[in-house]
Amino acid sequence: MFEIEERLLALGVDMDAILDAGMELYVPHGLTAEEGRLVLEKNIRRALGDPNVSAMLLSAILLEEELYAKRKDSEIADDPVFLLADEIIGMAIAEIIAGTYARFEFTRYDQKKPGILSQLGPFMDDAIAGLIAGCTSKLYSDGQ
């Protein structure tokens, strides 16, 4: 939906990078890492088809482009503490996918910034962290 996967690819964010970041903080709970990765991929693909998740990801992509990438001396280049919209987008994505519990999972990914998350700008790192957090939270709570 909204060509989200293509837009993410254009930013250098492919499925393997998302899965690698998700699996860095994976907590085994009855599924091997390989099984967990397969379930996580299924959850991410399903989430990317949700118009609400896609719309939130698109908003992060556009905000990142407009407020960060296009500006030579962006006011948000260092992800200042007064910038909250990026966190709100990430939390919203996580909650759309898996409810309130996913907000706590979002915090883990937001703070540790595994894999590709450490390479993204202020909006995209939180949006992708929210995507991963919602999908891992769903994996942990539903086993799927």
Next item on the list: Hey, can you tell me all the residues within segment 13-56 that are closer than 19 Å to ILE93 by Cβ and of a type in the set (Gly, Ala, Ser)?
Entry: ALA17, ALA21, GLY22, ALA47, GLY49, SER54, ALA55
Item checked: Qualifying position, being without any contact (Cβ under 8 Å) to a residue 60 or more places away in the chain, open to solvent by less than 50 Å² (accessible area, probe 1.4 Å) and more than 20 Å from LEU11 (Cβ to Cβ), among ALA102, ALA94, ALA85, ALA133 -> ALA102
Check: LEU63 passes all but one of (1) in contact (Cβ under 8 Å) with a residue 40 or more places away in the chain; (2) of a type in the set (A, V, I, L, M); (3) under 15 Å from ALA129 (Cα atoms); which number fails?
Finding: (3)
Item checked: Cβ pairs under 6 Å, 6+ apart, first in segment 10-31 and touching a residue at least 24 places away in the same chain (Cβ under 8 Å), second open to solvent by 40 Å² or more (accessible area, probe 1.4 Å) -> LEU19/ARG37; LEU19/GLU41; LEU25/ARG108
Notebook entry, point to check: Since GLY36 meets every condition but one in (1) surrounded by fewer than 14 Cβ atoms within 10 Å (Cβ to Cβ); (2) more than 16 Å from ALA129 (Cα to Cα), which condition does it not meet?
Noted result: (1)
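The values are calculated or read from the model by the stated rules, or taken from the named source; none is laboratory data. In this text, all values refer to a predicted model and were calculated from it rather than measured experimentally. Backbone-built Cβ (ideal geometry, glycine too); neighbour counts: all protein chains shown. The accessibility values were calculated without ligands, DNA or RNA, using every heavy atom of the protein model including side chains. Shrake-Rupley method; radii C 1.70, N 1.55, O 1.52, S 1.80 Å.
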